[in-house]
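Engineer: Provided herewith is a single structure, encoded as structure tokens, for subsequent inquiry.
The values are calculated or read from the model by the stated rules, or taken from the named source; none is laboratory data. All figures in this text were calculated on a predicted structure; none of them were measured in a lab. With ideal geometry, Cβ positions are generated from the backbone for all residues, glycine too; neighbour counts draw on all protein chains shown.
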Amino acid sequence: MPDKNQTKEIKSAKKEPKTKKTLNKEDLKEPKDDNWIDEIVSKKEKTIAKEKISDAPIRSIPGIGPAVAEKLMSAGYLTLTSVAHASPMELVEFCEIGEQTANKIISTARSQVGIGFKKASEILNLREKVSKIPTGSKALDSLLMGGIETKSITELSGEFRTGKSQICFQLCVNTALDKKHGGLESGVIFIDTEGTFRPERIIDMCGRFGKNVDTEQVLNRINVGRAYNSDHQMLLVLESPKIITENNVKLIVIDSLTSHFRAEYTGKGTILERQQKLNKFLHQLLRLADVYDLAIVVTNQVQTKPDVLIGESTTPIGGNIVAHSCTTRIFLRKGKGDKRIARVIDSPSIPETETIFRITKIGIEDVDSS
């Protein structure tokens, strides 16, 4: 017969498995509050996810765990579409995951989104839904067939004082303004590489829309990032998806695109490395424009062609890499007084034509405006 102490030990030994079983269940339970998701994915995105699979958050990919999902979202891949458009090596580099895992995630995302061939009629329907941001000048809007379009990159190139930054400021205002004033009531990301962003000009340009404009609200909708080198410039773009989803961003401005690349990579021996890096950066921008349905406007410096004696002697920096990546290219030059001339030099849908506008205290205007 066992004594009382042995009986107690036997009972406690029998109870131990129950305690372990309870602990295992707690460990396996899904957390009720996905704080790591809420910090990155906005409430608006969660609502859209139910209606549109392409905008669904990446946690909806079958088999993806919280740790991998957090790595993807921290690197800016917030939706199924953004993952579906990525390459395996890109996820390996930016998300620090294995190549096999990256291939599996991308394959699953692409099967859910349905990336493949589409009828031309479907593409036409999608093109009809593309938004246009007005420039402030009816003549310039007419040249661009309605304004700066989303899902594309528009390049503004020209010498100093031709109006590149001023057009960007006007686009910021027209995007951030309330709809009752003719704006898009949306967010803006402005990446300033030359230290030329001036909030005072934003306030000046708001003046043309009357005294009832809430200038503070307009300024709060413009998110400015000062880039100090080319790597920092690329990092700001990489981190932008979180701001895009939280602030309903419809415009990204890079002023200017090539200044850091041009300063850091000098000499013929560095041209190849510079062009490869610039190409990678431009493809990041193209993906953002397509995935998040926003307009991207970049300004570009020019260089002189000493061998040209007759005709246009300046050409935009970046060569064929920039030329092939930008959807619409606009070349600006000075006119008399406050007048500027804008010419479309490349576009898949706009003929090579030009128009005249002017820059005043209240922004971009038509020549005949009073």
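Engineer: Among the residues of the stretch 180-200, what is the count of those that are over 13 Å from ILE133 (Cβ atoms) and surrounded by fewer than 20 Cβ atoms within 10 Å (Cβ to Cβ)? Break it down stepwise before answering.
Structural biologist: Going residue by residue through the stretch 180-200, those that are over 13 Å from ILE133 (Cβ atoms) are 180-181, 189-200.
With the extra rule that they be surrounded by fewer than 20 Cβ atoms within 10 Å (Cβ to Cβ), the set shrinks to 180-181, 194-196, 198-200.
Qualifying residue count, the stretch 180-200: 8.
Engineer: Filter the helices (runs of 4 or more DSSP H) completely within the stretch 251-370 down to those with at least 2 residues that are within 24 Å of GLY146 (Cβ to Cβ). Don't jump to the end; show me each part of the working.
Structural biologist: Details: elements: 259-264, 271-292, 319-325.
In the stretch 251-370, the matching helices (runs of 4 or more DSSP H) lie at 271-292, 319-325.
Table: residues versus (1) within 16 Å of LEU238 (Cα to Cα); (2) surrounded by 13 or more Cβ atoms within 10 Å (Cβ to Cβ); (3) charged (D, E, K, R); (4) at pLDDT below 85.
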site	(1), (2), (3), (4)
ALA56	no, yes, no, yes
ARG59	no, yes, yes, yes
ILE64	no, yes, no, yes
GLU96	yes, no, yes, no
LYS104	no, yes, yes, no
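Engineer: If GLU185 satisfies all but one of (1) modelled with pLDDT of 95 or more; (2) more than 24 Å from LYS242 (Cα to Cα); (3) part of a loop (DSSP other than H, G, I, E, B), what's the number of the condition it fails?
Structural biologist: The failed condition is (2).
Engineer: Which one is nearest to the chain's Cα centre (by Cα) among residues in the stretch 81-106 that are part of a helix (DSSP H, G or I), of a type in the set (S, T, N, Q) and within 24 Å of PHE281 (Cα to Cα)? Steps first, please.
Structural biologist: Quick first cut of the stretch 81-106, residues part of a helix (DSSP H, G or I) only: 81-84, 88-95, 99-106.
Remaining after also requiring of a type in the set (S, T, N, Q): 81-82, 100-101, 103.
Narrowing the set further to residues that are within 24 Å of PHE281 (Cα to Cα) leaves 81-82, 103.
Working: THR81: 14, SER82: 11, ASN103: 24 Å.
Applying the filter and picking the extreme gives SER82.
Engineer: Can you find even one residue in the stretch 286-300 that is at pLDDT 95 or above, of a type in the set (Ser, Thr, Tyr) and either on the phi < 0 side of the Ramachandran plot or in contact with a helix residue (DSSP H, G or I) (Cβ under 9 Å, 6 or more places away or on another chain) (or both)?
Structural biologist: yes
Engineer: Could you tell me which residue of the stretch 238-250 is modelled with the highest pLDDT, considering only residues that are surrounded by fewer than 17 Cβ atoms within 10 Å (Cβ to Cβ) and not in a helix (DSSP H, G or I)?
Structural biologist: This residue is ASN248.
Engineer: For the stretch 280-314, which positions are hydroxyl-bearing (Ser, Thr, Tyr) and buried (at least 17 other Cβ atoms within 10 Å of the Cβ)? Break it down stepwise before answering.
Structural biologist: Restricting attention to the stretch 280-314, the residues satisfying the condition of being hydroxyl-bearing (Ser, Thr, Tyr) are 292, 299, 304, 313-314.
The answer is TYR292, THR299.
Engineer: Shifting gears a bit: How about the stretch 121-175: which of its residues are touching a residue at least 60 places away in the same chain (Cβ under 8 Å), within 21 Å of ASN247 (Cβ to Cβ) and part of a helix (DSSP H, G or I)?
Structural biologist: CYS168, PHE169, GLN170, LEU171, CYS172, VAL173, THR175, listed by residue number.
Engineer: Condition (residue is within 24 Å of LEU91 (Cβ to Cβ) and assigned to a helix (DSSP H, G or I)) applied to the stretch 208-229: is it met by at least one residue?
Structural biologist: Within the stretch 208-229, none of the residues are within 24 Å of LEU91 (Cβ to Cβ) and assigned to a helix (DSSP H, G or I).
Engineer: Being under 20 Å from the mean Cα position of the chain (by Cα), surrounded by 21 or more Cβ atoms within 10 Å (Cβ to Cβ) and assigned by TED's automatic domain parsing to the domain that holds SER347 is true for just one of LEU144, LEU171. Which residue is that?
Structural biologist: Values: LEU144 fails: under 20 Å from the mean Cα position of the chain (by Cα).
When all the criteria are applied, what remains is LEU171.
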